[in-house]
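A.B. asks: Before I ask anything, here is the structure I am working with.
The values are calculated or read from the model by the stated rules, or taken from the named source; none is laboratory data. All figures in this text were calculated on a predicted structure; none of them were measured in a lab. Here Cβ is always computed from backbone atoms with ideal geometry, including for glycine, and neighbour counts include all displayed protein chains.
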Amino acid sequence: MAQRMLHTAQILWPAFLIAGVIEMVVFSWIDPSLLHTGSWQPDRQTVYSLAFLIFWALVAVASGLSHWMMASGPDQADHSRVRRHAARRHHLHHQA
C-alpha cells in the first residue's frame, strides 16, 4: 500500500504544480469576469477555482496514463527477465 501512495503522490503533486502554472498563464491572457455560460456568470474566485481543478485533473490524468504505460510496457517484462537471468547466472557461478 505504501508503494501505491508513493505513486499517487508522484502523480498528483507535480500535476498540482503544473496546474498552478497553467492557471497563471491562462488568466494572464483571459479576464475571468468576462467568462459566462448562458445566464450563469460566476465570480472571479469561482472561475479560478473551477479552472484550477480542471487543469489539475487533466494534468493528473495525463501523468497517470504515462505512469501506467511505463509500468505495464514491454520494458517491465524485459527487466524481470534480465533480473531472473542475472540471478540464475549468479546462482550457477557460486555453485561451481
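A.B. asks: Hey, does segment 73-93 have a residue that's part of a helix (DSSP H, G or I), loosely packed, with under 10 Cβ neighbours inside 10 Å, at pLDDT below 90 and among the hydrophobic types (A, V, I, L, M, F, W, C)?
C.D. replies: yes
A.B. asks: Being farther than 27 Å from His7 by Cβ, in contact with a helix residue (DSSP H, G or I) (Cβ under 6 Å, 6 or more places away or on another chain) and free of Cβ contacts under 8 Å to residues at least 60 places away in the same chain, is that true of even one residue in segment 49-62?
C.D. replies: The answer is no; no qualifying residue exists.
A.B. asks: How about segment 15-45: which of its residues are modelled with pLDDT under 95, outside any loop (DSSP other than H, G, I, E, B) and surrounded by 13 or more Cβ atoms within 10 Å (Cβ to Cβ)?
C.D. replies: Hit for segment 15-45 is Pro32, nothing else.
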